[in-house]
Amino acid sequence: MTIKPNDDPTAAPPGRPPVVDLATWQAARDELLVREKAHTREADAIAAARRRLPMVEFDGKVEVVGPEGPVPFLDLFQGREELVVYKHMWHDGAPHQGQCEGCTTMAWQLKDAVYLNARGVSFAILTAGPWDEVASYVDFMGYTQPWYSVRDAAAPVGGGMGSLACFLRDGDRAFLTYSTTGRGNEAVGGFLALLDMTPYGRREAWEDDPEGWPEAPQSGSPVGGHGVPTCWYWRSDTDGTATWGPTSRPVPQWTRPGATPAETLGRNGRHH
């Protein structure tokens, strides 16, 4: 459908959707809804195929380290049959602001797993960092979900950081059933789906936007210092400006107690 804006040139300034009457808008909305429903049905079909994936058995007694010391991986199920984990990257020895900004984005989203628990699913965050460093970070961030160090643990408990994984238990037996990474991690980032519904979307460089739409903010790249579009929700300075610069830290950290501007802010040179 081609939408023609009103004749009034002030009704649709550059960088704005065209202005139309309600009936025209509804017709365009109904047309898009057909595609959205097809997308939903395809997502349902993919989820059905996901439930039919085979699984891999592993030693569920392998130890991970949490606030109570070493515990068997099976304890992470908390007596439930299913478990979802997010594997958080870790930079040894880095200050809080030097930890992975992408993983911070994901881990920040799910502060309460009550709805997962109601369906017999537990949730935990795993990372390869040494527990003393991890415990300090968890305390600073105010995370409420359980964290565990899987340092030196073999896959599928360890390995594959920056990813989501699902597990099933049958008594004392444990199985890996699914894993995903990259944009697959968006399952725990509900704000991204909401942004996709807005006129300007995520404001990421890869998006297909109409001519004249606001561009993604530019800043120095964490690799090589070249100007690239910033993943704005990952890292900012105290003014909220997206930047990879020495005064930046992962966005949620600015709401934490003690996260005040300081000359010591910065990264350790590594990136997600």
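Rule-based calculations on the coordinates, nothing more; no lab input. Bear in mind that the values here come from a model prediction, so they are computed numbers and not experimental data. When we count neighbours, we look across all protein chains shown, and the Cβ atoms used for this are built from the backbone with ideal geometry, even at glycine.
Points to keep in mind about this one:
- Over all other residues within a Cβ to Cβ distance under 13 Å of Phe175, the charged ones net out to -4, with Lys and Arg as +1 and Asp and Glu as -1.
- Looking at the stretch 54-188, the DSSP beta bridges with both ends there are about 70 percent antiparallel.
- Taking amide H as placed 1.01 Å from N in the peptide plane, the amide H of Gly129 sits under 5 Å from that of Val150, each at least 5 places away or on another chain.
- Whole-Hz couplings from phi, Karplus 6.51/-1.76/1.60, listed for the stretch 107-118; x for Gly and Pro: 5, 6, 6, 10, 8, 9, 9, 4, 6, 5, 4, 5
- Residue with peak Gaussian network fluctuation, the chain [Cα springs, cutoff 10 Å], from Arg16, Arg203, Arg151: Arg16
- Between the Cα long axis of helix 22-51 and the first principal axis of the chain there is an angle of about 20°, rounded to the nearest 10.
- Every helix of 4 or more DSSP H residues in the chain counts as -39500 (n - 2.57), and over all residues that averages to -7000 deg cm²/dmol at 222 nm.
- Gaussian network model of the chain, Cα within-10 Å springs - most flexible of Leu76, Leu192, Leu168: Leu192
- Most mobile listed residue (Thr144, Thr198, Thr243) in the chain, GNM with C-alpha springs under 10 Å: Thr198
- Panel order for Thr177, Thr105, by other beta carbons found within 10 Å of each beta carbon, from fewest to most: Thr177, Thr105.
- Normalised by the number of residues in the chain, the mean separation of alpha-carbon contacts (under 8 Å, six or more apart) gives a relative contact order of 19 percent.
- Taking a straight line from the alpha carbon of Lys61, these aspartates and glutamates sit under 12 Å away, with near neighbours fewer than eight places off in the same chain left out: Asp75, Asp172.
- Taking the longest Cα principal axis of the chain as reference, the axis of helix 131-141 is set at about 40 degrees.
- Residues Thr104, Thr255, Thr181, ranked from the fewest to the most other C-beta atoms within 10 Å, line up as Thr255, Thr181, Thr104.
- Neighbour count of at most 14 Cβ within 10 Å plus DSSP loop: longest GluC sites (Glu not before Pro)-free window in the chain: 82-206
- The ranking of His88, His96 from fewest to most other beta carbons within 10 Å of each one's beta carbon is His96, His88.
- Multiplying the residue separation of Asp209 and Asp30 by 0.36 nm and removing their Cα-Cα distance gives an extension gain of 62.4 nm.
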